[in-house]
Amino acid sequence: MRPTRLRLVAFLAVAAASLAACGGGSSAGAGSSSSAAAPSESASAPAATAGAVKEGLKIAILPKAINIPYFDAAYAGAQKACAEIKAECEQIGPTQATGAAQLQFINTVIQKKYDALVISAADANSVVPALKKAQDAGVAVVTYDADVADTSARSVMVKPTTPDLIGKSQVDWISKAVGSGGGEIAILSAAATAENQNAWIKIMKDELAANHPELKLVDTVYGDDDAAKSAEKAAALMQSHPNLKGIISPTTVGVAAAAKYISGSKYKGTVQVTGLGLPSEMKAYVKDGTVKSFGLWDPGMLGYLGVYAAGVKASGGDPKAGFKAGDKDYTVDGDGVAIVGPPQEFTAENVDQFTF
């Protein structure tokens, strides 16, 4: 069976309001943000949590790349958490989303003796040795958004939701958009090495094969979370596959770039676009009919929970036992993963309710 539509408007409206209410500035080498996260209402209380966080910690936030609105929103959540625990919080990072580009910033964290590092890994493998070196130097390492292949290189991973829900939801959205007639679809992803993107794509492929014979996946391309390259890849898909009916882009940069391209092309109305996007960036394309629906979670919560988990670790506790963030307790599974919550579908009927 196809997954039912995920209805969490009340929850995410509260989270989005908090995102809009609190401002966040940029740090050295960081993109600016105007939003901050609020504690999630979806957390369940564990039997015990890992303990208090000490004040005065120095915490670095390292996204895949800076100046991306999605990561700006995550950093705003991190700033809110840092203010609550009285920590010094700074976002640093490259302008290109590659593991190689992140390495110099991990080394900087070690050299400047940060207490903790919260990182979204652009490459699941290449950053592992540097992260282990950071741990050996006494830096508490937590991943968010995208994990590393070797989980011993971090303490806790903060995931936005489950890969299963993300993958199946996006297939459901494109199926509804294309309609019962079905047809050819393609995936426009971020980097080929991104752990989270690859996990979602695998689930999408399995879901298509099992439950959507009307849809045929004909190509998967990579825009490397670069808007210009993603737009070029969307245009190239149309040239390579003139019968294409839909594009799924599980990345906020890619889905906005694809929507912008399709909106201004002869393919508007005949090629459907969906994926994981920010309401603030996608609203115009929903309004003009290019996009029927798309989805996401509250990105601010990734940074918010990441800081709290890193704070616990840097304070000598074990966040794998569960940890408290704000006034909520969060469980951590056997793989060291904490989940923010399920994705929200945005449509013309509800997109105006969200401001992040």
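Side notes on the structure shown:
- The stretch 246-262, residues that are open to solvent by less than 30 Å² (accessible area, probe 1.4 Å) and not aliphatic (A, V, I, L, M): Gly246, Ser249, Pro250, Thr251, Thr252, Gly254
- Hey, Gly275 at positive phi, in contact (Cβ under 8 Å) with a residue 60 or more places away in the chain and crowded, with 22+ Cβ neighbours inside 10 Å or not: yes
- Inclusion of Lys283 among residues that are open to solvent by 50 Å² or more (accessible area, probe 1.4 Å), outside any helix (DSSP H, G or I), farther than 25 Å from Ser120 by Cα and in contact with a helix residue (DSSP H, G or I) (Cβ under 9 Å, 6 or more places away or on another chain) is not warranted.
- Meets criteria (over 25 Å from Asp147 (Cα atoms), part of a loop (DSSP other than H, G, I, E, B), in contact with a helix residue (DSSP H, G or I) (Cβ under 7 Å, 6 or more places away or on another chain) and modelled with pLDDT of 95 or more) for Thr290: yes
- Consider the stretch 225-245 and keep the residues that are over 15 Å from Ala259 (Cβ atoms) and part of a helix (DSSP H, G or I). The one that is least open to solvent (accessible area, probe 1.4 Å) is Ala236.
- Of all residues in the stretch 199-223, those that are closer than 29 Å to Ala65 by Cβ have Cβ atoms under 7 Å from Cβ atoms of residues that are among the hydroxyl-bearing types (Ser, Thr, Tyr) and in a helix (DSSP H, G or I), 6 or more apart or on another chain, in Asp219/Ser240; Gly223/Ser230.
- Of all residues making up the stretch 111-133, the number that are in a helix (DSSP H, G or I) and open to solvent by 30 Å² or more (accessible area, probe 1.4 Å): 4
- Leading residue by the ranking (farthest from Asp224 (Cα to Cα)) among those in the stretch 78-110 that are among the small types (Gly, Ala, Ser) and buried (at least 21 other Cβ atoms within 10 Å of the Cβ): Ala87
- Residue ID - surrounded by the fewest Cβ atoms within 10 Å (Cβ to Cβ), chosen from residues in the stretch 134-187 that are part of a strand (DSSP E or B) and among the charged types (D, E, K, R): Glu184
The values are calculated or read from the model by the stated rules, or taken from the named source; none is laboratory data. Source: prediction; values computed, not measured. Don't worry about glycine lacking a Cβ; one is built from the backbone with ideal geometry, like all the others, and counts go over all protein chains shown. Ligands, DNA and RNA are excluded from the accessible area calculation, which covers all protein heavy atoms including side chains. Shrake-Rupley method; radii C 1.70, N 1.55, O 1.52, S 1.80 Å.
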